[in-house]
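In what follows, a single structure is set out as structure tokens and then discussed.
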Amino acid sequence: MKRAINIHDEARRCLLCTDAPCSRACKKGDPARAIRAIRFDNEEMAWQWVAACDDNDLLAAEEACIHYDRPLRIREMLKAAFPSDSKEAAGDRPPTSGAHLAPQPSLEIEFCGITCENPFFLASSAVCTNYEMVARAFEAGWAGVFYKTICLDDIREVSPRFDAVSDGGTTDFFGFRNMEQLSENPADVDFDILHRLKENYPTKIVVASIMGQTEEQWIELAKMAEAAGVDAVELNFSCPQMRLAGMGSDVGQNAELVTFYTAYVKRNVSIPVIPKMTPNITQINQPAMGAYFAGANAISAINTIKSVTMGERASVSERKAISGYSGRAVKPIALRHILEMAKNPIMKNIQFSGIGGIETWRDALEFIQLGCHNVQVCTAVMQYGYRIIDDLVLGLQHYMHQRGISRLADLVGEELPRFVTPTDLDRDTIVFPKIDRDRCIGCGRCYTSCMDGGHQAISFGADRQPRIQGKRCVGCHLCRLVCPTGAIGAAKRIGKKEKCRE
């Protein structure tokens, strides 16, 4: 039996071409935009870009696909995304069924007393190193920028400076290693750029990220930032690959230095001050509380994680070094640090700017639900460009519309009450896995994982049908995680005293 196409897997194969040939060949729609919507978790709204297309239009788009392996199955993918019993066209879904056609909620939110049009900012990095880049991002719809960190030292970068970790089957990567440090521009050049950006885009939020090596440098840079007219200043206590001691994460790991430098800056400027925390530490709350007691208006977290990659692309003149790791692989670590700070009862009324592995609107939502008032994006922009802002905004608005939420601020921190310490978790009940026989293909992955990595609670015979052995099963659900077809779900939660009833 032929299995239906997995639209998300197929969308991930898309090269996300510039001036996409598939859309150029399609006379009535924009299939590339529809595929991008599916790729970035907005499949429910993707139909609007192909609503007018018939099968011939999509065939032309498919034939124009320039994929290096094989053309995307555009017709099959879009028909699977928008099934219709009565017509062949991918776009035959009635427009009235699209909730996105209704007025969308505003994503406006306050951060450090500043009104932001949405919560999406560029993170201080290679994605914002000059006026032209940031201006294009603002035009695309980004609400603000944490400009690439400015310092008073001579910055000399290495070449090459990036490496990526992927599964080898797609053109995107889940981990990204970088050796970049700070802005290579002279400080006065960067502050002039920030001044012009704020002057020409007054409704956008411009934050100067700075890094000093001494008390005098921190104060000088902060005053230069305020004089440039920026909205706030971020203190980079977290860059993991500085070649000079006493800078970056060397400071962020020292709560005393974080406290002192934050206090120095706070005493010398009137704009909001936002220290940026390093994840390369056991207890992020220690330096964070130092920043809090020094008067920080908000906290940014996290910067990249110290890491090692071993491929040849990691070499610089045949030598290698520890450097920073980012990308969607680090998101759970970033969320953990945000959670620890947001749950700290001492740090009340301080806001957070979340960073780390944000690629889709759902990623951003998770940071917001743990207490962030905005999020910063870097690696995803480096892969896919500023255009991802379209789906970040669209997806978050659609989510709010579906839930009937009109204020983004109502989502901030809503998941925090659900997080408890391990001692408070329910240990008296169990949830057994449940196999959907219609979806099971008999591959045996659940059996192998349970036998070799679980509790030997699945049998697998000649009929290739896995069966749960209730007396052995502990409800760990490893089998659910490895099932390639999603055939294993969850049964009703019961008390452990009922466990052996079969």
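Structural remarks
- Condition met for TYR325 (within 30 Å of GLN48 (Cβ to Cβ) and either among the aromatic types (Phe, Trp, Tyr) or surrounded by fewer than 16 Cβ atoms within 10 Å (Cβ to Cβ) (or both)): no
- Tallying residues that are under 16 Å from ARG328 (Cβ atoms), of a type in the set (A, V, I, L, M) and not in a helix (DSSP H, G or I) within region 352-403 yields 4.
- Of the residues making up region 262-285, those that are part of a helix (DSSP H, G or I) and open to solvent by 40 Å² or more (accessible area, probe 1.4 Å) are TYR264, LYS266, ARG267, ASN268.
- Residue check, CYS476 in a loop (DSSP other than H, G, I, E, B) and of a type in the set (A, V, I, L, M, F, W, C): yes
- Qualifying residue in region 286-303 (condition: open to solvent by 40 Å² or more (accessible area, probe 1.4 Å), in contact with a Cys (Cβ under 7 Å, 6 or more places away or on another chain) and not aliphatic (A, V, I, L, M)): yes
- So ASP9, is it in a loop (DSSP other than H, G, I, E, B), under 25 Å from MET382 (Cβ atoms) and not polar (S, T, N, Q): no
- Test for ASP438: is it assigned to a loop (DSSP other than H, G, I, E, B) and under 36 Å from the mean Cα position of the chain (by Cα): yes
- When residues of region 1-56 are limited to those that are more than 22 Å from LEU392 (Cα to Cα) and of a type in the set (A, V, I, L, M), the one most open to solvent (accessible area, probe 1.4 Å): MET1
- Taken over region 364-413, residues that are hydroxyl-bearing (Ser, Thr, Tyr) and closer than 25 Å to GLY113 by Cα amount to 1.
- Members of region 447-471 that are among the charged types (D, E, K, R) and at pLDDT below 95: LYS471
- Scanning region 57-76 for residues that are part of a helix (DSSP H, G or I) and under 14 Å from ASP30 (Cα atoms) gives ASP57, LEU58, LEU59, ALA60, ALA61, GLU62, ALA64, ILE74, ARG75.
- From ASP188, ASP192, ASP167, residue being assigned to a loop (DSSP other than H, G, I, E, B), surrounded by fewer than 18 Cβ atoms within 10 Å (Cβ to Cβ) and not hydroxyl-bearing (Ser, Thr, Tyr): ASP167
- Total residues in region 200-237, condition free of Cβ contacts under 8 Å to residues at least 60 places away in the same chain, open to solvent by 40 Å² or more (accessible area, probe 1.4 Å) and within 18 Å of THR115 (Cβ to Cβ): 1
- Of all the numbered requirements in (1) open to solvent by 60 Å² or more (accessible area, probe 1.4 Å); (2) modelled with pLDDT under 95, GLU157 misses one, and that requirement is (1).
- In region 312-327, the residues that are in contact with a strand residue (DSSP E or B) (Cβ under 6 Å, 6 or more places away or on another chain) and not aliphatic (A, V, I, L, M): ARG313, SER323, GLY324, TYR325, SER326, GLY327
- Only one of the numbered conditions (1) open to solvent by 70 Å² or more (accessible area, probe 1.4 Å); (2) outside any loop (DSSP other than H, G, I, E, B) is not met by SER406, and that is (2).
The values are calculated or read from the model by the stated rules, or taken from the named source; none is laboratory data. This one's a predicted model, so the numbers in the text were calculated from it and none came from an experiment. In this analysis, Cβ positions are derived from the backbone assuming ideal geometry, glycine residues included, and neighbour counts consider all displayed protein chains. Remember, those area values only see protein heavy atoms, side chains included, never the ligands or the DNA or RNA. Shrake-Rupley method; radii C 1.70, N 1.55, O 1.52, S 1.80 Å.
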